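**Student:** Structure below; questions to follow.
The values are calculated or read from the model by the stated rules, or taken from the named source; none is laboratory data. Remember, predicted model here, so these are calculated numbers, not experimental data. Every residue, glycine among them, receives a Cβ derived from its backbone with ideal geometry; neighbour counts consider all protein chains shown.
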Amino acid sequence: MDKQPPLVVIVGPTAVGKTAFSLELAEKVDGEIVSADSRLFYRGLDIGTAKPSADEMKRIPHHLVDVADPDETWSLALFQRAARDALAGIHTRGRMPLLVGGTGQYVAAVTRGWQPPEAQPDPRLRSILEELSRRHSPNWLHDGLKSLDPDAAKNIDPRNLRRTVRALEVILSTGKRFSAQRGQGESPYHLLTIGLTRPRPELYARIDERIEAMFDNGLLEEVRLLLEKGYSPDLPSLSAIGYRESVAVLRGEMTLDQAKIQMKRLTRVFVRRQANWFKAEDPHIHWFGAAGPNLVEKAIELIRNFLGN
């Protein structure tokens, strides 16, 4: 077995079934779960992020869930440090860590030995970029990033203003492409990556059901409460799919049906973006059909072979 500590990574598109699978697997392998989903960091953003329930988090220890208020910013570098600290603690306890999530750059930051760009934040430049975004169309900055660094633009959602601004900030501060500054070394872990998949029509049907359930379970009330607490609807955390649309409904700028249609469309776009990070042909990912028989048993056998047991 490698000297590097073991790490089981569970990836796949949103709504594929990672949460249920990881919970059952963690129970069987004496594991703890480290979230690599950037939407789960924020306290109070529960329904719209499909966050694991309180009972589920009691069932299995979870890390990097509810670690920040909605107006705090968690950078990739901060996440990387926190995730590695959590993983070290799990290894010290002699348990199996499961890194679970669909946010590709966060998974890669932990597993690929990334070194996030060293350029320090430039508040003045950032303010100028944000002002330019307000003056122009929402995608104006992202279009500029696309012309300067197509690789970076491909991996950043045009709706994610914070990451778009950060990429441009690094490029303009250093004169180098953002995508070329990630610095990649050897992974610090002995990795086993398990991917879950479903046929696209089935996945889209699950997404539609999830979005309907979010509103049935009180998404609008969740967003109303966040706004009543004084959180700005312009915060990066509230730009996540579902939150921006809910704000628009509450303001009378969009009907509920229009919000649902837009959320479903944007989530499909997000799924296609996730596929750029977790490719079906990637030889390092062991893909399983999420609806297949004996899924957890197959994964346990894979882990046993991985550990050399």
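**Student:** Going through the range 208-247 one residue at a time, which ones are surrounded by fewer than 17 Cβ atoms within 10 Å (Cβ to Cβ), free of Cβ contacts under 8 Å to residues at least 40 places away in the same chain and of a type in the set (A, V, I, L, M)?
**Tutor:** Listed by number, the residues that qualify are A213, L227.
**Student:** Another one. R163 passes all but one of (1) surrounded by fewer than 16 Cβ atoms within 10 Å (Cβ to Cβ); (2) in a helix (DSSP H, G or I); which number fails?
**Tutor:** Only one criterion is unmet by R163, namely (1).
**Student:** Within the range 150-160, how many residues are at pLDDT 80 or above and either assigned by TED's automatic domain parsing to the domain that holds L235 or within 21 Å of E131 (Cα to Cα) (or both)?
**Tutor:** 3
**Student:** Would you please name the residue that is surrounded by the fewest Cβ atoms within 10 Å (Cβ to Cβ), looking only at residues in the range 251-309 that are assigned to a loop (DSSP other than H, G, I, E, B) and touching a strand residue (DSSP E or B) at 6+ places or on another chain (Cβ under 9 Å)?
**Tutor:** My answer is A280.
**Student:** Of all residues in the range 74-114, which are over 16 Å from D37 (Cβ atoms) and part of a loop (DSSP other than H, G, I, E, B)?
**Tutor:** Residues satisfying the conditions are R93, G94, R95, R112, G113.
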